[in-house]
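The values are calculated or read from the model by the stated rules, or taken from the named source; none is laboratory data. Nothing here was measured: the structure is a model prediction, and the numbers come from that model. Please note: Cβ atoms are built from the backbone with ideal geometry, for glycine as well, and neighbour counts cover all protein chains shown.
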Amino acid sequence: MDISSLSGKLRRMSEAKQPRKASSVRHTRAIQRDRSKHSISTPSDEQIQARLTEIVHPATLAQVDYFRKLGLRERTLGLMVMVGLVLDMIWRQISGVNEMVRLIQTERVLWVSPRKVSQQAFSQRLTSLPAQLFLNILLSVLPLMQQRWLERKRPVPPEIAWAQARYSDVQAVDGSTLDALIRKIGLLQDLPENPLAGRMTALLDLCTRLPEKIWYESDPKAHDQRFWDDILSVLKAGSLLIFDKGYINVFSTVH
């Protein structure tokens with residue numbers, strides 16, 4: 001008997017000795033049956049739109065006076081319209097201005113009715129609106145979101161519950177360099193390469209998983225340690241703060 005024949009015979013003998021794998025059909029059907037009885041409920045698009053309108057629309061109205069004090073004129077793309085459109089872009093994860101303009105022209109977007117808008121007008125409006133307006137809206141919405149979370153009495157993971165019983169606050173801080181800006185319009189057109197948009201640091205409540213404070217630095221190479229003064233100014237006594245080594249390692253750099 002040659003080597004190849006012997007090898008094949010030994011392999012067949014080994015396979016014959018191994019027990020047959022149990023069928024998973026019954027197990028799979030049991031899972032499907034359980035899922036049919038306990039379906040995961042997710043809110044519909046209509047419910048999400050209604051909740052976003054309920055929470056964000058009043059906060060946006062509160063910024064209209066500030067919008068006018070900045071000398072910004074109410075146009076087709078005013079503050080109420082732009083906040084609704086930007087919020088919808090984030091929710092639907094629409095990455096292109098052209099696609100967003102098509103939606104504006106053909107369907108209702110949150111509280112914004114369809115309207116005729118050009119791609120150029122929408123792009124220019126995006127670059128001219130101060131970021132502070134959007135930050136003010138976010139900061140006014142966060143307390144409402146935190147209050148609603150407390151009213152739900154939603155259980156937290158055991159690790160968070162353990163820390164929550166021993167500390168006044170359980171928080172985490174982290175920073176991120178924002179994506180590169182596209183050099184298609186405005187003052188960026190003449191730059192040799194796409195610049196980074198800056199650096200952001202956020203203080204997060206680990207129980208509610210909502211941000212409590214957000215800081216922005218226009219320098220994209222800003223080190224995490226630059227934010228320590230801001231972080232310490234809002235921390236309460238007895239808090240547990242979680243952060244990575246970037247906040248204590250003087251040799252680490254931001255890339």
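Within region 65-84, one or more residues are part of a helix (DSSP H, G or I), in the same structural domain as residue 52 (by TED's automatic domain parsing), under 27 Å from residue 47 (Cβ atoms) and touching a strand residue (DSSP E or B) at 6+ places or on another chain (Cβ under 6 Å).
Within region 95-136, if we keep just the residues that are aromatic (Phe, Trp, Tyr) and in a helix (DSSP H, G or I), the residue that is farthest from residue 198 (Cα to Cα) turns out to be 122.
With respect to being touching a helix residue (DSSP H, G or I) at 6+ places or on another chain (Cβ under 9 Å), surrounded by 15 or more Cβ atoms within 10 Å (Cβ to Cβ), within 18 Å of residue 53 (Cβ to Cβ) and touching a residue at least 24 places away in the same chain (Cβ under 8 Å), residue 141 fits the description. Being in contact with a Leu (Cβ under 9 Å, 6 or more places away or on another chain), closer than 13 Å to residue 86 by Cβ, of a type in the set (A, V, I, L, M) and touching a residue at least 40 places away in the same chain (Cβ under 8 Å) is not true of residue 103.
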